[in-house]
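The values are calculated or read from the model by the stated rules, or taken from the named source; none is laboratory data. Note that the structure is a prediction, hence the values are computed from the model and not measured. Positions of Cβ are backbone-derived with ideal geometry, glycine not excepted, and every protein chain shown enters the neighbour counts. Note: accessible area is taken over every heavy atom of the protein model, side chains too, but ligands, DNA and RNA are not part of it. Shrake-Rupley method; radii C 1.70, N 1.55, O 1.52, S 1.80 Å.
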Amino acid sequence: MARESFTITDGEAWVVLDSRGSETIEVTLYSGKVSATASAPSGKSRGSREAVPFPEGGAKQSVKIFTDSLRGRLVGRDPADQTGIDTLLKEVDGSENFSKIGGNLAYAVSACSVKLAAMLMQKPIWRHMADLSGLAPVYPIPLGNVLGGGAHAGEGAPDIQEFLVFPRRVRSVEEAVKVNVEVHRRLGKVLAKKVGGYGGGKGDEGAYAPPVDDEKALQAVKEASERLDVGFGLDVAASSLYDAYQKKYHYRNRGKHLTREQHMQHISELVERYGISYVEDPFEETDVEGFAELCRAFPKLLVCGDDLVVTRAELIRWASEKRAVRAVILKPNQVGTITDTVEAAKEAEKRGIVRVVSHRSGETCDSFLTHLAIGLGGKFIKAGVAGGERVAKANELLRIWYKAGGSISLQEADVI
Ligand code: PEP
Ligand code: MG
C-alpha cells in the first residue's frame, strides 16, 4: 500500500550552545502546524576523515546557508523521503565532506527530517528509524564513561580518554541504566577517599577526571564496581596521544613517549590485568594493522573502531577485511546524514560487527540518539552517565521502555 505523502512547509535554523558552551546548530522543520526540532553535537577528539562540522565562518555561516539556500529547497519536500532529503544536502554542499555547509548543519536537518516524518506518520521515532534501516530494533546496553582523561579533561588526568562500564546481565532497561549510575556514584566516593586534594572535578562528558594515571583510574573503577555485574571498557582515543613526528604515543601523565610496541604492551597489560572486554581506538587512525594485532592477541576482545572508520560504510568494509575490528562506533555527525549512518550500520550488520551508537563529547539535550540506537539495532549506546545532556539519552531510553516494554528485545552482553 502506498504511504501517505507529507510536505515540509517551512524551516528555521539557529545557533545554540552545546554542553561545552560552544556554538552548534539547531534546526526546526514544519509541516503545517506540526514541527520537529533537532540539534547537532560536536566532537573534540575527531577523526581526520570525519565530515567537517562547520564551514569557514562557523555555526553562524551554517545558519546563513540554511536561510539563503537550503530552506527554500527543503520546502515542498517529503520528510519521509529520507534519501531525497539527504541527497539534497549533498547537492547543496557539493564537497566530499560537508565542508561547504557543515556536517553539523547536515546532521541537524537530516535528523530533524526523521523526527518530523515520525510525527506525521504517528509512529515512535525509533520505529521510523528501524523502518528506514530495515534492522531489528533492540534496547541497547548503556556503555557509560565514568572516569576520563585525554582530550576531554585537563592536565594531570589519565592519558586514556575514557574508562567505561556496562551492565552484563539485566532484566530491564531500568536496571541497566541504574547499574552505570551506581558505579558512577560509588566512584565519586572511592576517589574522594583515595585521591588527596581532588574536589570531584569532571571532564567534558560528565565523567570524573581525577589527577591519577591509567592504572590507578582502573583500580578505582574496579573498586567502585565491586559486587556489581559489570564489564569494563576503554576508549584509548589513540590518535589524540599520537605524535606523528616522533611516531610515538605521548603519555603526558606518565611523562613518557612510548613506541608502538610499548604502547601495544601497555594496552595489552591493562586488558589482561583488569579483565577489560571493550577497547576503542587502541591505535592511531591510520594504523589498521595495530587494531588487527590486538584482535589476534585477544580473540574475544571487542576491538572497536571510532576515528578509524568514522561511521563510513566503505571504511567499515576496509577495516573488516583487514580483520581489524569487532565493533564500530556510529556517530551520525561524523558522516553528516542519517542515510549514510544507516549504510554504515547495515555494513556492520552484514559483517557481524557490533554496532555502538555514540554521543559526542559536546552534546545538547536532544535525545534523538536513543531512537537512533534502537532503530539501528545497536548492541550498545555510548551516551555518558552524568550531566543533563547525557541523562537526556538515558531518560529517553527509560521512557521508551515504559511505553514499549517487551515489544523491543533487550540486548545481552553475551559477546564478552
Ligand atoms: C569519542 O572519542 O568516542 C568521543 C565521544 O569523543 P569526541 O566526541 O570528542 O570525538
Ligand atoms: Mg572514541
Elements of type strands (runs of 3 or more DSSP E) contained in region 323-382, each with 1 or more residues being within 16 Å of ligand 1 (Cβ to nearest atom) and over 25 Å from GLU289 (Cα atoms)
380-382
Report yes if some residue within region 393-402 is of a type in the set (Phe, Trp, Tyr), over 18 Å from the mean Cα position of the chain (by Cα) and at negative phi; otherwise report no.
yes
Looking at HIS128, HIS152, which is the one that is within 16 Å of ligand 2 (Cβ to nearest atom) and either of a type outside the set (Asp, Glu) or open to solvent by less than 10 Å² (accessible area, probe 1.4 Å) (or both)?
HIS152
Is there a residue being away from ligand 1 (no atom under 16 Å from the Cβ) and either surrounded by 22 or more Cβ atoms within 10 Å (Cβ to Cβ) or at positive phi (or both) anywhere in region 34-45?
yes
Testing GLY206 on (1) within 16 Å of ligand 2 (Cβ to nearest atom); (2) more than 26 Å from PRO282 (Cα to Cα), one condition comes back false. Which one is that?
(2)
Residue count for region 98-130, restricted to those that are over 27 Å from THR67 (Cβ atoms) and more than 21 Å from the chain's Cα centre (by Cα)
4
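Rundown of residues vs (1) among the acidic types (Asp, Glu); (2) modelled with pLDDT of 95 or more; (3) part of a strand (DSSP E or B); (4) assigned by TED's automatic domain parsing to the domain that holds GLY94, yes/no style:
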| residue | (1), (2), (3), (4) |
| --- | --- |
| GLY11 | no, yes, yes, yes |
| VAL16 | no, yes, yes, yes |
| VAL27 | no, yes, yes, yes |
| TYR30 | no, yes, yes, yes |
| THR37 | no, yes, yes, yes |
| SER48 | no, yes, no, yes |
| GLU56 | yes, yes, no, yes |
| SER62 | no, yes, no, yes |
| LEU70 | no, yes, no, yes |
Among (1) of a type in the set (Lys, Arg); (2) more than 16 Å from ligand 1 (Cβ to nearest atom); (3) within 23 Å of the chain's Cα centre (by Cα), where does LYS202 come up short?
(2)
Of everything in region 199-244 that's aromatic (Phe, Trp, Tyr) and touching a residue at least 60 places away in the same chain (Cβ under 8 Å), which residue is farthest from PRO142 (Cα to Cα)?
TYR208
Any idea how many residues of region 389-416 are of a type outside the set (A, V, I, L, M, F, W, C) and without any contact (Cβ under 8 Å) to a residue 40 or more places away in the chain?
9
Suppose we keep only residues that are assigned to a loop (DSSP other than H, G, I, E, B) and away from ligand 2 (no atom under 16 Å from the Cβ) within region 158-187. Which one would you say is farthest from ARG227 (Cα to Cα)?
SER172
Looking at this structure, is ALA151 touching a helix residue (DSSP H, G or I) at 6+ places or on another chain (Cβ under 6 Å), modelled with pLDDT under 95 and within 16 Å of ligand 1 (Cβ to nearest atom)?
yes
In region 46-60, how many are small (Gly, Ala, Ser) and either under 18 Å from the mean Cα position of the chain (by Cα) or crowded, with 22+ Cβ neighbours inside 10 Å (or both)?
4
When residues of region 297-313 are filtered for being in contact (Cβ under 8 Å) with a residue 24 or more places away in the chain and away from ligand 1 (no atom under 16 Å from the Cβ), how many remain?
5
Just one of the numbered conditions (1) surrounded by 17 or more Cβ atoms within 10 Å (Cβ to Cβ); (2) assigned to a loop (DSSP other than H, G, I, E, B); (3) away from ligand 1 (no atom under 15 Å from the Cβ) is not true of GLY197; which one?
(1)
Output the residues belonging to region 60-86 that are of a type in the set (Ser, Thr, Tyr), closer than 20 Å to SER31 by Cα and touching a residue at least 24 places away in the same chain (Cβ under 8 Å).
THR67, THR83
